[in-house]
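The values are calculated or read from the model by the stated rules, or taken from the named source; none is laboratory data. Small disclaimer: the values here were computed from a predicted structure and weren't measured. Quick reminder, even Gly has a Cβ in these numbers, built from the backbone with ideal geometry, and neighbours come from all protein chains shown.
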Amino acid sequence: MKDGFLGYHTSFMLDAVVVALVLVVPVLIFSIYSVKFRRQYTLHRNLQIGLAVALLTAVTAFEIDLHLVQGGWENVVKKGPPVSSDQLTFIQRVLRIHLIFAGSTPFLWATTIVLALRRMPRPPQPSPHSRLHKILGWTSTVDLVLTSVTGLVFYYVAFINRS
């Protein structure tokens, strides 16, 4: 599975992660809506754990594919039309910005989830941990949304804009 399915010169797993990045934000919004406005704490917990497991699985498979199968992101970029050194430098800058958020998201999200699982009552409901959980949750949300947006921008400049 070396070729993508979205119609660009990518890899299958890169396209799968792009689809995941598009889908994660609406599910995340629904999860926050469910807890904030509908007080569905168990649904919120389950959605967050499900999202975390799904993204961790997708990103792990992507990283294995990218490094072991494809031989690095530059090789995936080179599958498409030729790129100048200036284009490659720009693509690399966009990737670096993306990696700032992509690198911090798993740690923030894991901290948010692990602390909630340890400190929230069962079944989930407001508790003394709620204040910290909201801060961590919103920080994780912003970071995850920025990971998604910058990942999609990378995909655009590296693959779509040059097709």
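Suppose the filter is farther than 25 Å from F154 by Cα and polar (S, T, N, Q); does S140 pass it?
Considered against the rule, which asks whether it is farther than 25 Å from F154 by Cα and polar (S, T, N, Q), S140 comes out as no.
Filtering F90, F107, F101, F30 for residues that are in contact with a helix residue (DSSP H, G or I) (Cβ under 6 Å, 6 or more places away or on another chain) and part of a helix (DSSP H, G or I) leaves a single hit, F101. A116 falls short of the stated requirement of being at pLDDT below 95, out of contact with any Ser or Thr (no Cβ under 6 Å at 6 or more places or on another chain), part of a helix (DSSP H, G or I) and of a type in the set (A, V, I, L, M). Screening I49 with (1) surrounded by 15 or more Cβ atoms within 10 Å (Cβ to Cβ); (2) within 17 Å of the chain's Cα centre (by Cα) gives one miss only, at (1).
Considering L23, L6, L51, L14, the condition of being farther than 19 Å from V114 by Cα, of a type outside the set (S, T, Y) and in contact with a Leu (Cβ under 8 Å, 6 or more places away or on another chain) is satisfied by L14 alone. For R122, the conditions (1) more than 15 Å from L56 (Cα to Cα); (2) surrounded by 14 or more Cβ atoms within 10 Å (Cβ to Cβ); (3) without any contact (Cβ under 8 Å) to a residue 60 or more places away in the chain are fulfilled apart from (2). On the basis of being among the β-branched types (V, I, T) and modelled with pLDDT under 95, does V145 make the cut? Against the criterion (among the β-branched types (V, I, T) and modelled with pLDDT under 95), V145 does not qualify. Can you tell me which residue within the stretch 62-80, out of those that are assigned to a helix (DSSP H, G or I), surrounded by fewer than 19 Cβ atoms within 10 Å (Cβ to Cβ) and charged (D, E, K, R), is nearest to the chain's Cα centre (by Cα)? Here the residue is E63.
Can you pull out every residue in the stretch 9-27 that is of a type outside the set (G, A, S) and more than 11 Å from the chain's Cα centre (by Cα)? Scanning the stretch 9-27 gives H9, T10, F12, M13, L14, D15, P26, V27. The condition of being at pLDDT below 95 and loosely packed, with under 14 Cβ neighbours inside 10 Å holds for only one of S127, S163, that being S163.
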